[in-house]
There are 2 protein chains.
Amino acid sequence: MARMATETRAILYGFWLSSCSWRVRAALHLKDISYVERSVDIVNKRSQLTDEYRVINPSQKVPALIIDGATIIESMAILQYLEDTRPKPSLMPRTPILRARMREICETVVSGIQPLQNVGLLSHFDSTDQYKNFTKYWTERGLYSLEDLLQKSSGQFCIENQLSMADLCLVPQLYNAVTRHKLSLDKFPTISKVYETLLEEKTFSETHPENIKQKDM
Amino acid sequence: MARMATETRAILYGFWLSSCSWRVRAALHLKDISYVERSVDIVNKRSQLTDEYRVINPSQKVPALIIDGATIIESMAILQYLEDTRPKPSLMPRTPILRARMREICETVVSGIQPLQNVGLLSHFDSTDQYKNFTKYWTERGLYSLEDLLQKSSGQFCIENQLSMADLCLVPQLYNAVTRHKLSLDKFPTISKVYETLLEEKTFSETHPENIKQKDM
C-alpha cells in the first residue's frame with residue numbers, strides 16, 4: 001500500500017499588512033523553506049481574536065509558524081529558530097560584535113518602533129490625530145537611532161554586505177512608515193539608501209505585502 | 001617602569017527603575033562579569049537627553065554597556081553578546097525548540113509589554129488616567145500570553161529548571177507591573193509561582209532595583 005506523503009511544508013499564519021509577518025516571510029524565502037501562507041485578517045475581520053485562531057496562537061497575534069511539528073510564535077523567536085535549524089544561508093554575520101550591531105538594529109525596530117505604531121493602539125486614543133502624533137513621534141525617534149546605527153554598520157545592507165535579520169526587520173518597518181504613516185525619509189539618507197537597495201532584492205520584492213494582498217483578494 | 005593596569009571592568013549605564021537595565025545587570029551577575037554601574041536618571045533629571053550621554057548612546061536610552069572596547073546598546077543585543085563571548089554559565093537552553101520557547105517569552109515582554117508601559121509615554125496622553133488604562137491593558141494582555149507560555153515551558157524557572165534570558169526579561173517586567181503599576185498577579189498562577197521562585201535567586205536579589213536605588217541616593 002502506498003504510503004501517504006507527509007505534509008512537510010511549513011504553514012505561516014500572517015497578514016499582508018503585518019510587518020512582523022513580512023519578517024518571517026522574507027526569512028522563509030531567503031532560506032528557501034517550502035511554506036504556505038494562511039491569511040489572518042487582523043485589521044478588518046479581526047480574525048486573530050476568533051476561537052479558531054486562539055487554538056493556534058493563544059497570544060492572538062500574527063505571525064505564527066507551524067514547522068517541524070511545532071507551532072512557534074513571535075517573529076524574532078521564529079527567525080532565530082530557522083537560523084538554528086537551517087543555518088544556511090545564514091541570517092547573521094560571523095563575529096559577535098557584528099551580531100551585536102545587527103541586534104541593536106533589530107531591537108530598535110522590534111521594541112522601539114513596531115509596538116508604538118501598531119494599528120491595534122488606535123482605539124486607545126481619543127482621536128485619530130492623537131494616535132497619529134504618537135506613532136509619528138516614536139517612529140521618527142526610532143529612525144534617528146537607526147540612521148546613526150546604519151552610518152556605523154551598513155554597506156549595501158544594514159550590516160556590511162550580507163543580508164541579515166536586521167534587514168528583515170528594517171524593510172517591513174520602513175514600508176509601514178512610508179506607506180501607512182506617510183513619513184518622509186528625507187532626514188535619513190543612510191536609511192533611504194539601504195532601503196532602496198533592499199527593495200530590489202528578491203527576498204523583499206517576492207515577499208512584498210502588495211503581492212500578498214493580491215493573493216488574499 | 002610599571003605598566004598601568006588596564007581598566008578591564010565593564011561599565012553599565014543604567015537606572016535603578018529601568019527594567020531593561022535590570023535585564024543586563026542580572027546577566028552580568030549570572031555570568032560573574034566584573035562591572036561598575038553608572039546611574040543615568042531617566043525619570044527625574046532626564047539625564048539620557050544630555051549631550052554628555054548622547055555621545056555614549058545616541059539613542060538616548062538605557063542601558064548601554066561598554067565592554068571589550070566597544071559600546072553596545074539595546075538590552076537584548078547586550079545579553080546575546082555576553083552569551084556569544086562568555087558562554088558559561090549559559091543563558092540559553094540547549095535545544096532549538098527550547099530556545100524558541102525562551103525567545104517567545106522574551107519577545108512577549110520586550111516588544112509586547114515593555115514599550116507599552118514605559119514611563120516615557122506619559123506625556124503623550126491627555127491624562128494620567130488615560131496613560132494608566134493604556135499601560136494596564138497592554139501589560140495584562142501580555143501577562144495572559146505569558147501565563148499560557150509558562151504553563152507549557154516552565155519548571156522552577158521560565159524554561160524548565162535552567163535560568164535563561166526569559167527569566168531575565170520576566171522578573172524586571174513583573175516588578176514594574178506589581179510595584180509601579182499596582183497590578184495583581186492573582187489571575188496568573190503560573191507566572192506568580194515562577195516569579196516568587198526567581199526573586200529568591202541571588203541573580204535577582206543581589207541586582208534588585210531597591211538595592212541599586214540605595215546606592216544611587
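The values are calculated or read from the model by the stated rules, or taken from the named source; none is laboratory data. Worth saying up front: this structure is predicted, and the values here are computed from it rather than measured. FYI the Cβ positions are ideal-geometry reconstructions off the backbone, even for glycines, and counts take in every protein chain you see. For accessibility, only protein heavy atoms count, side chains too; no ligands or nucleic acids. Shrake-Rupley method; radii C 1.70, N 1.55, O 1.52, S 1.80 Å.
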Qualifying positions in segment A:193-204 - closer than 18 Å to A:Glu140 by Cα and either crowded, with 17+ Cβ neighbours inside 10 Å or among the aliphatic types (A, V, I, L, M) (or both): A:Val194, A:Tyr195
Those residues of segment A:129-155 which are more than 20 Å from the chain's Cα centre (by Cα) and aliphatic (A, V, I, L, M), in sequence order: none
Check on B:Ser59, under 19 Å from A:Gly142 (Cβ atoms), open to solvent by less than 40 Å² (accessible area, probe 1.4 Å), free of Cβ contacts under 8 Å to residues at least 24 places away in the same chain and of a type outside the set (A, V, I, L, M): yes
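Conditions tested, residue by residue: (1) within 27 Å of A:Tyr137 (Cβ to Cβ); (2) in contact (Cβ under 8 Å) with a residue 12 or more places away in the chain; (3) part of a strand (DSSP E or B); (4) in the same structural domain as B:Met102 (by TED's automatic domain parsing).
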| position | (1), (2), (3), (4) |
| --- | --- |
| B:Asp126 | yes, no, no, yes |
| B:Gln130 | yes, no, no, yes |
| B:Glu140 | yes, yes, no, yes |
| B:Leu150 | no, yes, no, yes |
| B:Cys169 | yes, yes, no, yes |
| B:Val178 | no, no, no, yes |
| B:Ser184 | no, no, no, yes |
Filter result for B:Glu83 (over 25 Å from A:Phe125 (Cβ atoms), of a type in the set (Asp, Glu) and either open to solvent by less than 10 Å² (accessible area, probe 1.4 Å) or touching a Leu at 6+ places or on another chain (Cβ under 6 Å) (or both)): yes
Every residue from segment A:147-181 that is at pLDDT below 95 and over 21 Å from A:Val24 (Cβ atoms): A:His181
Residues (crowded, with 16+ Cβ neighbours inside 10 Å, farther than 24 Å from B:Ser153 by Cα and aliphatic (A, V, I, L, M)) located in segment B:86-137: B:Leu116, B:Leu121
Selected residue [over 23 Å from A:Cys158 (Cα atoms) and either under 19 Å from the mean Cα position of the chain (by Cα) or buried (at least 18 other Cβ atoms within 10 Å of the Cβ) (or both)] from A:Ile78, A:Ile73: A:Ile73
Test: residue in segment B:30-53 that is within 11 Å of chain A (Cβ to nearest Cβ) and open to solvent by 10 Å² or more (accessible area, probe 1.4 Å): no
Strands (runs of 3 or more DSSP E) completely within segment B:29-88 that count 3 or more residues being among the hydrophobic types (A, V, I, L, M, F, W, C): B:64-67, B:70-73
Segment B:112-124, subset of a type in the set (A, V, I, L, M) and part of a helix (DSSP H, G or I), residue modelled with the highest pLDDT: B:Leu116
Residue in segment B:80-92 that is more than 9 Å from every other protein chain (Cβ to nearest Cβ), farther than 22 Å from B:Cys169 by Cβ and touching a residue at least 24 places away in the same chain (Cβ under 8 Å) present: no
